[in-house]
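Where a number appears in this text, it was derived from the coordinates with a stated rule and is not lab data. Remember, it's a predicted structure, so these values are computed and weren't measured experimentally. Because the Cβ atoms are built from the backbone with ideal geometry, glycine has one as well, and the counts that use them run over all protein chains shown.
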Amino acid sequence: MFADLHTHTALCRHADGKPEEYFRTALARGLQYLGVSDHIPWPEGYDAECRMAPASFPEYRAVVNGLRREAEGSGVKILYGIELDWVPGRMDEVAREIENEKFDYRIGSVHYVGDFAFDNPAEIGQWEKIGVDNVWERYAELMCDFVQNFDFDIMGHADLPKKFGHRPSDPAKFLRKMREALELAGKRGIAIEINTCGLRKPVREMYPSLELLKTARESGMPLTFGSDAHSPSDVAADFASALELARAAGYRSALAFEQRKPVELPF
């Protein structure tokens, strides 16, 4: 029934485990789909310590193809995905590099506000300097720009700035701005992701919040599930809780993607 569409590989330099170990966990946990969606290496030099190098991309493609061969006949379908960021002024490079790549889906995420990697533990001291409300406001603006100006299939961890427990002083203001992004995403068929990784972070809460997820459903966005696995044991982690959150928000099905076409998975 379930699909985990957000998993990583050791090529990104901050994940561990072998690809076949991720697959074995997916098999043991009864997944129908396992999506591999490591961080894209473009634009070149961007966030280089936390993603694969461009020269490693053929190896990434080979990892996915190898898993597909291993998974034959198992009942688990391996999907070829990618997680890409909105990098203002440099998205032409990204589009050019992936133009002919036969992804099953693309996850669009925002990890940076300007030069500030707000989800990086090494930069947590910058929150006070930059200002919590400034980060949340700019995050919502960037997500609006991303949805409006680039082609992707899934909105990744849609309230990621809460990772370390930072909250906007006016949540309603953030929600109003994010509603713009969610409504446009709904019109474009972009799905919102329930990402269980937040339960393993200081915030101890899935992404997104129930309120934001309800707004996404009201805006017409379909749903996907992702563990954001950076180790084999993370695959499909806490999906029972994710299913509860999805139902509380009014969802009754989720999606997988094959060749960027949605596959509905009722629950």
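Karplus couplings for segment 254-267 from phi (6.51 cos²θ - 1.76 cosθ + 1.60, θ = phi - 60°), rounded to Hz, Gly and Pro as x?
Listing the rounded values in order: 10, 10, 10, 9, 10, 6, 6, 10, x, 10, 7, 10, x, 9 Hz.
Just want to confirm a number: the relative contact order over segment 1-134, from Cα pairs under 8 angstrom separated by 6+ residues, in percent.
22 percent
Hey, can you rank 100-107, 195-202 by average C-beta count inside 10 Å, highest first?
Output ranking for 100-107, 195-202: 195-202, 100-107.
Between segment 1-52 and segment 59-101, what is the C-alpha centre distance in whole Å?
If we compute the Cα centre of each part, the gap is 10 Å.
With springs only between Cα atoms under 10 Å apart, run a GNM on the chain and tell me which of 191, 26, 240 wobbles the most.
Judging by the Gaussian network model, the answer is 240.
Using each residue's phi in segment 155-162, evaluate 6.51 cos²θ - 1.76 cosθ + 1.60 at θ = phi - 60° and report the 3J(HN,Hα) Karplus result to the nearest Hz, with x for Gly and Pro.
Computed from phi, the couplings for segment 155-162 are 8, x, 4, 6, 10, 4, x, 7 Hz.
Work through the residues other than residue 193 whose Cβ is under 14 Å from its Cβ and net out their charges, Lys, Arg +1 and Asp, Glu -1. Don't jump to the answer; show the numbers that get you there.
Numbers: positive: 106, 217; negative: 4, 83, 153, 159, 228, 238.
Every neighbour counted, the sum reads -4.
Check residue 263: other-chain or 5+ apart residues with amide H under 5 Å from its amide H, H built from backbone geometry?
Long-range HN contacts for residue 263: 256, 257, 258.
Which residue, 220, 75, 189, has the most motion in a Gaussian network model of the chain that connects Cα atoms within less than 10 Å?
Residue with maximal mean-square fluctuation among 220, 75, 189: 75.
Relative contact order, percent, of the chain when contacts are C-alpha pairs under 8 Å separated by at least 6 residues?
For the chain, the relative contact order is 21 percent.
Can you give me the C-alpha center-to-center distance between segment 148-162 and segment 214-237, rounded to a whole angstrom?
The distance from the Cα centre of segment 148-162 to that of segment 214-237 comes to 12 Å.
At 0.36 nm per residue, minus the direct Cα-Cα distance, what do residue 267 and residue 164 gain on full extension? Give it in nm, one decimal, please.
33.9 nm
How large is ³J(HN,Hα), in whole Hz, for each residue of segment 28-38 in order, when computed from phi with the Karplus curve 6.51 cos²θ - 1.76 cosθ + 1.60 and θ = phi - 60°, using x for Gly and Pro?
Values, residue by residue: 5, 9, x, 6, 8, 10, 10, x, 9, 9, 6 Hz.
Sum -39500 (n - 2.57) across every DSSP H segment of at least 4 residues in the chain, then divide by the residue count to get the 222 nm mean residue ellipticity, nearest 500.
For the chain, the value works out to -10500 deg cm²/dmol.
In debye, nearest 20: dipole of the chain around its Cα centre with unit charges on the Cβ of K, R (+) and D, E (-)?
Details: 33 positive and 43 negative charges, 148 e Å.
That gives a dipole near 720 debye.
What is the gain in length, in nm to one decimal, between residue 145 and residue 172 on full extension, counting 0.36 nm per residue of separation less the C-alpha to C-alpha distance? Don't jump to the answer; show the numbers that get you there.
Working: separation 27, 0.36 × 27 = 9.72 nm, distance 1.98 nm.
Length difference between fully extended and current span is 7.7 nm.
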